[in-house]
Each structure stands twice: as structure tokens, then as C-alpha cells.
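Okay, so here's the structure we're looking at.
The values are calculated or read from the model by the stated rules, or taken from the named source; none is laboratory data. On a predicted model such as this, the values are computed, not experimentally measured, just so you know. Using ideal geometry, Cβ is built from the backbone for each residue, glycine included, and neighbour counts are taken over all protein chains shown. Ligands, DNA and RNA are stripped out before the accessible areas are found, and what is left, the full protein with its side chains, is counted by its heavy atoms. Shrake-Rupley method; radii C 1.70, N 1.55, O 1.52, S 1.80 Å.
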Amino acid sequence: MERGGGIPLETLKEESQSRHILPASFEANRLQKSNWGFLLTGLVGGTLVAVYAVATPFITPALRKVCLPFVPATTKQIENVVKMLRCRRGSLVDIGSGDGRIVIAAAKEGFTAVGYELNPWLVWYSRYRAWREGVHGCAKFYISDLWKVTFSQYSNVVIFGVPQMMLQLEKKLELELQDDARVIACRFPFPHWTPDHVTGDGIDTVWAYDASTFRGHEKRP
């Protein structure tokens, strides 16, 4: 059957169906691309949030005027610290306790040990390690800025410091510690105190300072 200029009716119907099919196929492709776009945006956004959550506790301390970066203590450093604690009694604090290995080692030697650390991820990990090592009852970890903590209640103080902070920390500990306290410095010595004991070599060097000794020195203004 023909219409108008002699075009068969069947042909007109096929052309009409084709015009309806092509837009539907195009719409499906557009929706598929849109869904992939949303998925990709969600993945990128989720990744950025996760990176921010993990990295912030590490980056934030670095933005402070004086920061205490996390560098794990070597096995030899731990051994040297324990050596300096022999014949010592009382409580112990690790300033900037990192992953908790010094506090855990001290707890195994019978000390009631506490670690202060600004990075919450490291504090949670330290608590897990203490539980796994079976010393969680005498090894405690707290999220805190060392400059906001008073150390007068501790008989033994361990610090893995950096040169930029040692003078300021020296003055703080001089004011706060009792006369029978001992300060153990790792990697870097205090600038004005004379150590009572030194052990180790290179990065494993450990300096021990007794409060009764450094208090005998002339006070600085």
C-alpha cells in the first residue's frame, strides 16, 4: 500500500519505529555514563576523606612550632633505656610514646609506665600492643600534648626528642621533677645538663640525667 509520493506504508512505519528506538538507546547510554560518573565521584571523595582522616594526626603535629616526629625506637635503643633503668624504682613516663615500645618494655621490667602521645592512631595501636603483650594493666597511654602535662609525679622520664625542643623541655622538667627523678634522653642530649651516665653509640646513644645533679647547677635566667 502506498501514500503520497508512492512510498510504501510499511516503509513509513519502519522509519517511525527507528526514530523511537534510537532516542531510547541514546538515553540508556547517557544514564549509564551518569551512573559511572556518580560512582567515580563517590570513590574519589571517599578516598580523600580516608586519606584526610589518617594523615591529619600525622600532619598536624608537624605544623606546630616544636614538633615531636614519630621515629620508632631501635631494639638497641630500647636495650640501652632499660639498662639506664636498672636499680630504679617508681613510675615511668615516655614523652611522645609513639607506638608504645618503650612503655611496654618498661612495664615488662616491673614499672608502672605511662605514655603521652599526640597522635591518636599511635595511642590506640599502643594500647592494642600492650594488651597483646599482656602488660595492659601497668602500661597506659594517653592522647595529650606534652607541654600541657605536668610530670612531677614521675620518677623516671624518657624522651626521644629533637634539638629544637630540648632547651624548652629542660627548663620544664627542672621546674617540675622531684630531686630523686631521672631523665633519660635518646638520640639527642639536653643542651645544658651534664649526664650522669652515657651508654650506646651513634643514634643508639642514651644519656641519663639525675635531677639531684642538674639541680645543683646554677639556674639560668
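Taken over region 103-127, the criterion of being of a type in the set (S, T, N, Q) and outside any helix (DSSP H, G or I) is satisfied by Thr112, Asn119. Within region 131-147, the set of residues being under 15 Å from Phe111 (Cα atoms) and either outside the structural domain of Lys172 (by the TED database) or in contact (Cβ under 8 Å) with a residue 24 or more places away in the chain (or both) comprises Glu133, Val135, Cys138, Ala139, Lys140, Phe141. Would you check which residues across region 192-219 are touching a residue at least 60 places away in the same chain (Cβ under 8 Å), open to solvent by 70 Å² or more (accessible area, probe 1.4 Å) and closer than 22 Å to Phe70 by Cα and list them? The answer is Ile203, and nothing else.
Residues are listed down the side, and each one gets a yes or a no for (1) under 23 Å from Ser212 (Cα atoms); (2) crowded, with 24+ Cβ neighbours inside 10 Å; (3) in contact (Cβ under 8 Å) with a residue 40 or more places away in the chain:
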{"residue": "Glu79", "(1), (2), (3)": "no, no, no"}
{"residue": "Asp99", "(1), (2), (3)": "no, no, no"}
{"residue": "Val103", "(1), (2), (3)": "no, yes, no"}
{"residue": "Gln168", "(1), (2), (3)": "yes, no, yes"}
{"residue": "Glu176", "(1), (2), (3)": "yes, no, no"}
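The sole residue among Pro189, Pro163 that is surrounded by fewer than 16 Cβ atoms within 10 Å (Cβ to Cβ), closer than 21 Å to Pro72 by Cβ and not aromatic (Phe, Trp, Tyr) is Pro163. Has region 206-221 got at least one residue that is out of contact with any Gly (no Cβ under 7 Å at 6 or more places or on another chain), assigned to a loop (DSSP other than H, G, I, E, B), assigned by the TED database to the domain that holds Ala106 and within 21 Å of Pro72 (Cα to Cα)? Scanning region 206-221 turns up no residue that is out of contact with any Gly (no Cβ under 7 Å at 6 or more places or on another chain), assigned to a loop (DSSP other than H, G, I, E, B), assigned by the TED database to the domain that holds Ala106 and within 21 Å of Pro72 (Cα to Cα). Checking each residue in region 79-127 for being over 19 Å from the mean Cα position of the chain (by Cα), among the β-branched types (Val, Ile, Thr) and within 22 Å of Thr199 (Cα to Cα) picks out Val81, Val82. Restricting attention to region 126-160, which residues are within 12 Å of Ile95 (Cβ to Cβ), of a type in the set (S, T, N, Q) and crowded, with 17+ Cβ neighbours inside 10 Å? Result: Asn156, single match.
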